[in-house]
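Report on the following structure.
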Amino acid sequence: MKDYPVFLILILLYLNPIISNARQVVQLDTIECIRKKGQVKQLYESERNVNQDEPAIDPDFILFLIGDTGNPQCVPELNDSFYRKVHESTVKSSIVYLGDNVYTNGIPYRSYTSDTYEGKNMKVKIAETKLLVQLNRLSEYTGNAFFVPGNHDYHKIVKSPKRIDAQRNLITAFDKKKETDGEIAFKPAAREDLKVELVELTPEIAIIFIDSEWAVRKINKPESKRLFTDPLKKAFDTAQKYNYVILAAHHPLYSVGDHGHEKLIFASEDIHRKKYRKYIRSIESYLNKGINIIYAAGHDHSIQHIHSQNFHQIISGSGSKSNHIIKNEVPSDSLQYAIANHLTDEAFMKKRPRFKTALESLLFATNYNGYVQLEFYSGRNEVWMKVYAISDNSLKNLYSARLF
Ligand SMILES: [Zn+2]
């Protein structure tokens, strides 16, 4: 039987692909990453941004804001640079993922009882892998990381709360297994199903998490008072004792991007929709109350800094996608030109008051893939915003501004 080992090798060779297939990490589809035809890279900084001297010392706390990260396979350079920066930082920090954490339709529901995250079928596996790719990068992270829901996490069309439960369960299961300090959590938490939750980051800084996708759809429903309006009021009452309050929600209040144009066609996720406007008004009723507020959002696939009505709004939504900010009629990537062009069109602006305010209050915008870093200097009572994005294949600091 001298042929026996050869026979055995042949059997092993035959079985090998089957065994390794079972263990294979799901390959995420890069077809989803192809940029829209004609899309240009845009970068704008208002002359009104007066750059003061940046502090030459380390901040006391950093909050990383990154959004719309649900196609992590599309931005390998950004992921490598972002997580390297996060891990290299010797300053205490937290991360907020601003929604649309899993494209295109969140994670189908199932319970996570086993140690493995192997889904039942390929669709589930792909969805889970998109989140796990992000979570795995956090396994050594010692700060806290929070995920808020976006419209895609609920499923683009079906809008299923079960998908939110699925995402929360997967994050919680991962957090339980994680060995380093620092919590990874889905926010607002499921407690009593409230859509608003305040978390203290430091004795000076609080963050109010809002499920804005729920709010922009359900704000007229009777349960909205118990689940959204009352908890929001309570959160702002508690927020009074903090020096800085960050509101973290998926939907922006103002935007010069795709969702902010106030187009006169049906689109439930755009700022001009009635319920969305009611959501905006409910938030705005708490601004200008003497607290230093930063409203952080995603949804538009760009980074924007809008400073209006004495509060700062930051959109950080280019974590895995990128959209044009204002479509240019002329073949130019000059956002400056497009903004000026829009503002002189009085008839167009009259129908779009929020868009007009956004354009007038815009300090910075880019559609490069990137993220925002908020730096808190408690000794100096200063807060700085810094934009980092991938430009010419490397991470660059594209913008710095003192917020407070
Ligand atoms: Zn969105």
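The values are calculated or read from the model by the stated rules, or taken from the named source; none is laboratory data. Everything numeric here is computed off the predicted structure, so don't read it as measured data. FYI the Cβ positions are ideal-geometry reconstructions off the backbone, even for glycines, and counts take in every protein chain you see.
A residue that is touching a Phe, Trp or Tyr at 6+ places or on another chain (Cβ under 6 Å) and modelled with pLDDT under 95 occurs nowhere in the stretch 109-121. With respect to (1) under 19 Å from residue 44 (Cβ atoms); (2) surrounded by 23 or more Cβ atoms within 10 Å (Cβ to Cβ), the lone exception for residue 352 is condition (2). The residue list 304, 373 contains one member that is within 27 Å of residue 89 (Cα to Cα) and touching a Lys or Arg at 6+ places or on another chain (Cβ under 6 Å), which is 373. Among the residues making up the stretch 132-174, those that are aliphatic (A, V, I, L, M) and in a loop (DSSP other than H, G, I, E, B) are 138, 148, 157, 158. Looking only at the stretch 145-162, count every residue that is buried (at least 21 other Cβ atoms within 10 Å of the Cβ) and either away from the ligand (no atom under 14 Å from the Cβ) or free of Cβ contacts under 8 Å to residues at least 40 places away in the same chain (or both) and tell me the total. Matching residues across the stretch 145-162 total 2. I want to confirm something. Restricting to the stretch 45-98 and keeping residues that are within 23 Å of the chain's Cα centre (by Cα) and among the small types (Gly, Ala, Ser), which single residue is farthest from residue 184 (Cα to Cα)? Here the residue is 81. Where strands (runs of 3 or more DSSP E) fall entirely within the stretch 175-215, those with at least 2 residues that are farther than 16 Å from residue 233 by Cβ and among the β-branched types (Val, Ile, Thr) are at 205-210. A single entry from 307, 272, 301 fulfils the requirement of being under 30 Å from residue 34 (Cα atoms) and more than 17 Å from the chain's Cα centre (by Cα): 272. Scanning the stretch 237-289 for residues that are at pLDDT below 90, loosely packed, with under 14 Cβ neighbours inside 10 Å and of a type in the set (D, E, K, R) gives 274, 289. For beta carbons closer than 7 Å, sequence separation of 6+ or different chains, a first residue in the stretch 287-316 that is basic (Lys, Arg) and a second that is more than 16 Å from the ligand (Cβ to nearest atom) and in a strand (DSSP E or B), there are no qualifying pairs. Within the stretch 171-200, the set of residues being free of Cβ contacts under 8 Å to residues at least 40 places away in the same chain and among the aliphatic types (A, V, I, L, M) comprises 189, 190, 194, 196.
Restricting attention to the stretch 314-325, which residues are away from the ligand (no atom under 15 Å from the Cβ) and crowded, with 24+ Cβ neighbours inside 10 Å? Reasoning before the result, please.
The initial filter retains those residues of the stretch 314-325 that are away from the ligand (no atom under 15 Å from the Cβ), namely 314, 324-325.
Within the stretch 314-325, 314, 325 qualify.
Go through the stretch 124-166 residue by residue and tally those that are within 22 Å of residue 80 (Cβ to Cβ) and in contact with a Pro (Cβ under 7 Å, 6 or more places away or on another chain). Final tally of qualifying residues: 3.
Here residue 288 qualifies as more than 30 Å from residue 347 (Cβ to Cβ) and more than 16 Å from the ligand (Cβ to nearest atom).
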